[in-house]
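A quick write-up on the structure given underneath.
The values are calculated or read from the model by the stated rules, or taken from the named source; none is laboratory data. Remember, it's a predicted structure, so these values are computed and weren't measured experimentally. Note that we place each Cβ from the backbone using ideal geometry, even for glycine, and neighbour counts take in every protein chain shown. All accessible areas refer to the heavy atoms of the entire protein, side chains included, with ligands and DNA or RNA removed. Shrake-Rupley method; radii C 1.70, N 1.55, O 1.52, S 1.80 Å.
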Amino acid sequence: MRKLAIAAFAFSAAVFAANYIFSRLSVIYAAVFCAFMGAAVLGIRLKSLKGVVIAFFAAAVGFVSFAAHYDLTTERAHSLSGNTETVRFVLLASPQEYESYTSAEVRLERDGLPRLKCIFYDSEKELGRYSCGDVLTAKVKLSAADIRYGAHTDRYTAKDVYLTGNVKGMIVRIGHKTSIVSLASAVSDAISRRVDSIFPADTAPFIKALLVGNKSDIYRDDALYVALSRAGLMHVVAVSGMHVSFLVAFLRFILGKGRRSAILCIALAWLFVIISGLSPTAVRAAFMQTMLLIAPLVGRENDSVTSLSAALAFLLLINPFAAGNISLQLSFSAMLGIILFADRIVETLMKPFGEGKLAQGMKYPIGLIGMSLSVMVFSLPVTAIHFGYVSAVSPLTNLLCLWAIPICFIGGYVCCLLSFIPALGQAAAFAISLIARYCFRVCGFLASLRYSAIYLSGWISVLWMIALYISLALVFLLRLKTHWKIVIPTVTAVIGIVLTQLGIGWYYGLARGTLAAIDVGQGQCISAFTGDSTVLVDCGSTSYAEYNAGDCATAYLKSRGRDKIDVLVFTHLHADHANGFERLTNLMQVDTVILPPSAVEDEAFFELLRIAKQHDTTVRLAEGGDHVLLNGMLLRFFEAEYDGDQNERCMPLIISIDDCDMIVTGDAPAEMERKLTEEFDLSLVEVLVVGHHGSKDASCEEYLDAIGGNRALISVGKNNYGLPSAEILERLKRFGYTVSRTDSDGTVEIRVHG
């Protein structure tokens, strides 16, 4: 079994290296080198080196596997990218309908080519009329999924998707293919409909996510999504190994522990994994449960490390790009922590309670705490790097809520069975909903605590995490007494948080204030703070799937010690300036929103009012000449137009901290800029936020000439609009501006010194 573990680990390490370290060409060289080294060590003929030989050859196979998969998928996808043609495809799942489009996972069917998995988008929403297994034809514009806005991304390929397509013509159904996947999708849809019919509207999204992995409705309920994420319970919503464990444990309880029940459990576990969408975490758990159940049947002892490494190698053999899947990374890092540290942590925590009745009563809560802490050992840095924060309350959340999850999970399926007698099904669903609502309340309360999530964007916070790991290493390496094993990491964590906050406050307190263009992708979000006052201008992004401006703004501000936003100004209500508002208000307190008077004519205004009312946020309109003074920071508003499109109705403003002025015009066109230069003296402006993300229709010569500044910020992301335009960049250079842009520089920060 250990030989399998060595081979699987080496194979997986090579695949990760191919994804993150080596170039496409050097992968082949790496494979040749590993094969050569394996052959060289094999020639020594020492039994003690057998593991090294296995590792080298397995690594070589890993590199070759990656290269072959790349050629068969990504290279073929690139050959089709940019084409607009009539294609034949099969729906792999039921289409998902959103506000302005419908998307569907499909498999492209082309003679002589691998049947590449794709995601098609249809703005006409015609795809929504069809179901999983339908064979369709349509005119589609294809794009390689690993290139987005000219930059490499593994967002799609990590999920085995190699092309994206925009439907450009009529969709025609030409047949239907029945398969295990289509049948599983039909079962999943049936369960989702059954849940919707018997569960209340507030709990149905949670139950559907637990039962079949359908999280679309949870994402639509932003407040619930934020509460579950910040409290650290979102991992139970994504179908994971925990669900497979619950299912197998329940089945073993019902069916017993014989040979037949083991085989039936394996079959039902894999059926559940297929129905729930074959997520990497669920596949990993089903693989490990299969090895666990088979081991006694074949007279072998199951080894958790071998099972885990073999499951990882299995997933990466199917799709080497899955190494970039955050769910896979979190699942395997969490499971490795459980295998290596859970028992040790629980044993350490249980020692103070001795062997009596108190110890028996503490086994369950201590077990949950130990499990939660062991999960975080390796998953904490992965979470911090990917999400920018870690949940500090997740062990407490698990202690309070994990007992309820198997009840909701198994109970949800029982309710679906009982729903054939409607009254009985609804009564059972009502009882399960009470438990689900308890979890919502707990998560909502814990997520609202000041330090429920620790944001690690700042370098001081990163030092805190490093110090915490050093203390944990010392605890396990040194033979310390039991109480010190608990005290040292706890004290390190608490002192680290306190010092982090003091350090951030000291660092930013050295300056009079800070101005920033926050990287929110293709959109705009400008920050200014001084003392205890914080201002945000706009909060939106068109790259909604990859960037939520509310998340980005919160991560930036909280990592700088800001706990609330005094004033949020919207220059106008275009989505790329305002669609992060809901997420922002669910994460941070926003006292006041200021809008141009013309905003009341926009449909988005009423949605903004609804969100603001939920959070007791004041909404006011600003006229030209209005001023807002906040702790030495002055906001001056200019007149917005009342006619024209939203861009023409933007409300410009100047933010002043001491003698430093920054002007923000949103997407205002050149005509409005010329009007500003004619009516106001802009010669003292030092920082220019370039209009309309660097569009050639803004930042005209008269405007640039009138401003006396020398620093220009462009809030822009990867896009297909050609922004910022070469014409604007040349113009800014000609007028002597130093240009910083968020698409290449990330968040740009300017510290104002007195």
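Remarks
- Residue list for region 418-443, restricted to those being out of contact with any Gly (no Cβ under 8 Å at 6 or more places or on another chain), farther than 30 Å from GLY361 by Cα and open to solvent by 10 Å² or more (accessible area, probe 1.4 Å): PHE420, ILE421, PRO422, ALA423, LEU424, GLN426, ALA427, PHE430
- So ASP591, is it surrounded by fewer than 20 Cβ atoms within 10 Å (Cβ to Cβ), touching a residue at least 40 places away in the same chain (Cβ under 8 Å) and closer than 25 Å to CYS650 by Cα: no
- Residue satisfying all of: in region 145-181; open to solvent by less than 60 Å² (accessible area, probe 1.4 Å) and among the hydroxyl-bearing types (Ser, Thr, Tyr); nearest to PRO95 (Cα to Cα) among these: THR164
- In region 702-715, the qualifying residues are those that are in contact with a strand residue (DSSP E or B) (Cβ under 6 Å, 6 or more places away or on another chain) and aliphatic (A, V, I, L, M), and the one that is nearest to THR542 (Cα to Cα) is ILE714.
- Here PHE66 does not qualify as over 30 Å from SER188 (Cα atoms) and more than 28 Å from the chain's Cα centre (by Cα).
- The set of residues in region 182-197 that are modelled with pLDDT under 85 and either within 17 Å of THR102 (Cα to Cα) or open to solvent by less than 20 Å² (accessible area, probe 1.4 Å) (or both) comprises SER182, ALA184, SER185.
- From the list LEU463, LEU480, the lone residue that is open to solvent by 70 Å² or more (accessible area, probe 1.4 Å), free of Cβ contacts under 8 Å to residues at least 60 places away in the same chain and not polar (S, T, N, Q) is LEU463.
- Residue match in region 163-179 (condition: modelled with pLDDT of 85 or more and either within 16 Å of the chain's Cα centre (by Cα) or closer than 30 Å to LEU446 by Cβ (or both)): no
- Strands (runs of 3 or more DSSP E) enclosed by region 611-657 - at least 3 residues per element that are of a type in the set (A, V, I, L, M): 627-630, 633-637, 653-657
- Taken over region 444-460, the residue count meeting the criterion of being assigned to a helix (DSSP H, G or I) and either open to solvent by 60 Å² or more (accessible area, probe 1.4 Å) or more than 30 Å from PHE387 (Cα to Cα) (or both) is 3.
- Within region 224-240, if we keep just the residues that are open to solvent by 20 Å² or more (accessible area, probe 1.4 Å) and of a type in the set (A, V, I, L, M, F, W, C), the residue that is modelled with the lowest pLDDT turns out to be ALA238.
- Positions within region 351-402 being among the hydrophobic types (A, V, I, L, M, F, W, C) and loosely packed, with under 14 Cβ neighbours inside 10 Å, in sequence order: LEU358, ILE385
- Tallying residues that are modelled with pLDDT under 90, among the hydrophobic types (A, V, I, L, M, F, W, C) and more than 24 Å from ASP71 (Cα to Cα) within region 1-39 yields 3.
- Residues in region 505-529 that are open to solvent by 10 Å² or more (accessible area, probe 1.4 Å) and not small (Gly, Ala, Ser): TRP506, TYR507, TYR508, LEU510, ARG512, ASP519.
- Verdict on PHE287 being in contact (Cβ under 8 Å) with a residue 40 or more places away in the chain, in a helix (DSSP H, G or I), at negative phi and among the aromatic types (Phe, Trp, Tyr): no
- Taken residue by residue, region 288-309 has no member that is crowded, with 16+ Cβ neighbours inside 10 Å, under 21 Å from THR383 (Cβ atoms) and not aliphatic (A, V, I, L, M).
- Hits in region 346-360 (condition: in a helix (DSSP H, G or I), free of Cβ contacts under 8 Å to residues at least 24 places away in the same chain and not acidic (Asp, Glu)): MET350, PHE353, LYS357, LEU358, ALA359, GLN360
- Qualifying residue in region 27-49 (condition: of a type in the set (S, T, N, Q) and surrounded by 17 or more Cβ atoms within 10 Å (Cβ to Cβ)): no
- Some residue of region 106-116 being β-branched (Val, Ile, Thr), under 28 Å from THR542 (Cα atoms) and surrounded by fewer than 22 Cβ atoms within 10 Å (Cβ to Cβ): no
Listed here are the residues, each with its yes/no results for (1) in contact (Cβ under 8 Å) with a residue 40 or more places away in the chain; (2) part of a helix (DSSP H, G or I); (3) closer than 22 Å to HIS577 by Cβ.
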{"site": "LYS696", "(1), (2), (3)": "no, no, yes"}
{"site": "ASP705", "(1), (2), (3)": "no, yes, no"}
{"site": "LEU713", "(1), (2), (3)": "yes, no, yes"}
{"site": "GLY717", "(1), (2), (3)": "yes, no, yes"}
{"site": "ASN720", "(1), (2), (3)": "yes, no, yes"}
{"site": "SER740", "(1), (2), (3)": "yes, no, yes"}
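- Number of the exception - TYR469 against (1) open to solvent by 10 Å² or more (accessible area, probe 1.4 Å); (2) in contact with a strand residue (DSSP E or B) (Cβ under 7 Å, 6 or more places away or on another chain): (2)
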